[in-house]
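The values are calculated or read from the model by the stated rules, or taken from the named source; none is laboratory data. The structure presented is a predicted model; accordingly, all values stated were derived computationally and were not measured. As a convention, Cβ positions derive from the backbone with ideal geometry for all residues, glycine included, and neighbour counts pool all protein chains shown.
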Amino acid sequence: MIAVNGARGPGRIEFRADDPSLTPYAGLAISGELARRLRLVELTDAELAAVTRVAAVKQRRRGLSPGELVVSIAEAQLAGAECFDDIEVTRVDQAGARLRAVAQVPSAPTARQLAYRFKPTHIRAIERAAARCGNELDRKLGREIGEDVTFDLDATESVVYGRRKRGTGRSRSGNLAYNSYVVTWAQRGRALTSELRGGNQARIKATRSLRLIGRAERLLPREHGQITVRGDSGFYAVELMMGCRKRRMRFTLSATRTSVMWAKLAEIGEDAWAEAIDMHGAQVAEVPFTPEGWKHEPLRLIVRRVPVSAQELLQGSPKARRRKTIPPEQLQMVLDGQLDSTFAYSFIVTDIPATEKTAVEVEHFHRQRAQIEERFKDLKLGQALRHLPSGKHAANSLWLCCALLALNICAWVCDISPAAGASGQAADQDVPLRRHAKTLRTLLFCVPGRIVRTARRMIVRLPEGFPHFQIFNATYHAALALPGP
């Protein structure tokens, strides 16, 4: 026997998996209580039952309802499921069944077969149910429902492997992949609607983007304020801007760097530049701009420049994205050694009036679009979007929808409990503080506990010395304190 720190080892260990009162996911009691308070399962079933244009997901009433299937998949993703087979891990957890929102988890084959039946209309119904729950939570928390709304529109790529899956395509990098297009509500940090496309569709038409935005608008409370749409250069199109104007939405869109943009840059005088907010060394200026096809008042072209040294450019890759942000003639002069430094430029087209926001404020506002990248990081590292596990496009669309639902549940948890959400001081006070989903899994969801029933009470005994017990306990009681349905 090998001595460890002067003490004898434990000797031969016998392992058993026979404790019926032990659950590895005691923290699903938090999401389960929150879902019950918001009637997530019931609202999902109600929205799915209202769908009449396509066949119902289930014809028989026995077994799990469609809403229970959706929420059980989302709960499994909260616990770390990355494919349909991983649902079996929560299915065998009988001790924690009463803690979850859905006690009877379906088997992996059942979940997979039912997932094949979900049509886009069903996905829209699930999104409506999730939005109703989010709006109800805002009401219970006393939030101002008439405040302005910002939509962030972006896409993320999920590479797939193995046999070819329906709906995939080759991305620019040559990978077989899907693109998940998502619209998020920036002030709430919640996903509103999504669409799954092939990896070869790095850009979608403005008409499809407008349909996404229109669906997102219908999911807002009726009394919402002014909507502003933010997007990167992949969504830049006059048709999209015209569509936003028709819907009385404002927009800030990153513009592609074309010869027109470089020509507009030459119109800016050196004395027009001002220091950017919270970005060291960056400067901002603006110039009037009327894109071809725009039929209204001139727009504002906001330009940001950031100094770049010749050494930085020469040490980087010849294919680096940074080189595309520099005017071609200046880039060549740097490469030839005629200049020691230059500027990298970014362009933003907006219709936000100058009386409401200065150029510096618009640029800072648009830069906060990076919030959606944080949501995508959560989806891939904290939830289940690294993989789209099925060969069927319908099942993968449902998987994406459930991953976004799990992401929204994490946002709701952070909303009700500052202890769970506060992970630092936000640079923008409009940005909700929240921990990443992977961190929440460690702090809350994947915590082992032994369930004890005594004197008509249920006690969940967590490990002695559990360092996050105060956060865990405070978050559960915050969910419990929400007014019931």
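Residues are listed down the side, and each one gets a yes or a no for (1) touching a strand residue (DSSP E or B) at 6+ places or on another chain (Cβ under 6 Å); (2) under 27 Å from Thr52 (Cα atoms); (3) among the aromatic types (Phe, Trp, Tyr):
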{"residue": "Glu68", "(1), (2), (3)": "no, yes, no"}
{"residue": "Val71", "(1), (2), (3)": "no, yes, no"}
{"residue": "Thr90", "(1), (2), (3)": "no, no, no"}
{"residue": "Gly96", "(1), (2), (3)": "yes, no, no"}
{"residue": "Ala108", "(1), (2), (3)": "no, no, no"}
{"residue": "Leu114", "(1), (2), (3)": "no, yes, no"}
{"residue": "Leu137", "(1), (2), (3)": "no, no, no"}
Of the residues Glu68, Glu75, which single one is modelled with pLDDT of 95 or more, farther than 30 Å from Ala206 by Cα, surrounded by fewer than 23 Cβ atoms within 10 Å (Cβ to Cβ) and assigned by TED's automatic domain parsing to the domain that holds Glu42? Glu68
For the stretch 276-293, how many residues meet the condition of being crowded, with 16+ Cβ neighbours inside 10 Å, without any contact (Cβ under 8 Å) to a residue 40 or more places away in the chain and outside any strand (DSSP E or B)? 1
Sole residue being more than 30 Å from Arg132 (Cβ to Cβ) and either assigned to a helix (DSSP H, G or I) or modelled with pLDDT under 95 (or both), chosen from Leu240, Leu301, Leu212, Leu314: Leu314
Would you check if there is a residue in the stretch 317-337 being modelled with pLDDT under 90, under 28 Å from the mean Cα position of the chain (by Cα) and of a type in the set (S, T, N, Q)? yes
Kindly provide the set of residues from the stretch 243-262 that are assigned to a helix (DSSP H, G or I) and of a type in the set (Gly, Ala, Ser), ordered by number. Gly243, Ser259
Report yes if some residue within the stretch 109-123 is crowded, with 22+ Cβ neighbours inside 10 Å, under 30 Å from Thr23 (Cα atoms) and not hydroxyl-bearing (Ser, Thr, Tyr); otherwise report no. yes
Working only within the stretch 417-451, note down all residues that are at pLDDT below 70 and not hydrophobic (A, V, I, L, M, F, W, C). Ser423, Gly424, Gln425, Asp428, Gln429, Asp430, Pro432
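Yes/no matrix, rows are residues, columns are (1) of a type in the set (Gly, Ala, Ser); (2) touching a Cys at 6+ places or on another chain (Cβ under 6 Å); (3) modelled with pLDDT of 95 or more:
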| site | (1), (2), (3) |
| --- | --- |
| Ser180 | yes, no, no |
| Gly189 | yes, no, no |
| Ala216 | yes, no, yes |
| Leu219 | no, no, yes |
Would you check if Leu43 is crowded, with 24+ Cβ neighbours inside 10 Å and assigned to a helix (DSSP H, G or I)? no
Which count do you get for residues in the stretch 252-264 that are closer than 28 Å to Phe151 by Cβ and out of contact with any helix residue (DSSP H, G or I) (no Cβ under 7 Å at 6 or more places or on another chain)? 4
From the set of residues in the stretch 130-167 that are among the charged types (D, E, K, R) and surrounded by 21 or more Cβ atoms within 10 Å (Cβ to Cβ), which is farthest from Ala384 (Cα to Cα)? Asp152
Checking the conditions here, which among Pro327, Pro298, Pro318, Pro288 is more than 21 Å from Val260 (Cα to Cα) and not charged (D, E, K, R)? Pro318
Which one is farthest from Val182 (Cα to Cα) among residues in the stretch 227-237 that are under 22 Å from the mean Cα position of the chain (by Cα) and assigned to a loop (DSSP other than H, G, I, E, B)? Tyr236
For the stretch 168-186: of the residues being crowded, with 19+ Cβ neighbours inside 10 Å and not hydroxyl-bearing (Ser, Thr, Tyr), which is farthest from the chain's Cα centre (by Cα)? Ala177
Answer yes if at least one residue in the stretch 86-97 is free of Cβ contacts under 8 Å to residues at least 24 places away in the same chain and not in a helix (DSSP H, G or I), and no otherwise. yes
Taking the stretch 81-93 and keeping only residues that are within 18 Å of Leu379 (Cβ to Cβ) and either acidic (Asp, Glu) or surrounded by fewer than 18 Cβ atoms within 10 Å (Cβ to Cβ) (or both), one is left with Glu82, Cys83, Asp86
Would you pick out the residues in the stretch 263-275 that are surrounded by 11 or more Cβ atoms within 10 Å (Cβ to Cβ) and either on the phi > 0 side of the Ramachandran plot or part of a loop (DSSP other than H, G, I, E, B) (or both)? Glu267, Ile268, Trp273
State yes or no: is Leu153 in a loop (DSSP other than H, G, I, E, B), in contact (Cβ under 8 Å) with a residue 24 or more places away in the chain and closer than 29 Å to Ile416 by Cβ? no
Could you look through the stretch 139-164, keep only residues that are basic (Lys, Arg) and assigned by TED's automatic domain parsing to the domain that holds Arg247, and pick out the one that is nearest to Arg211 (Cα to Cα)? Arg164
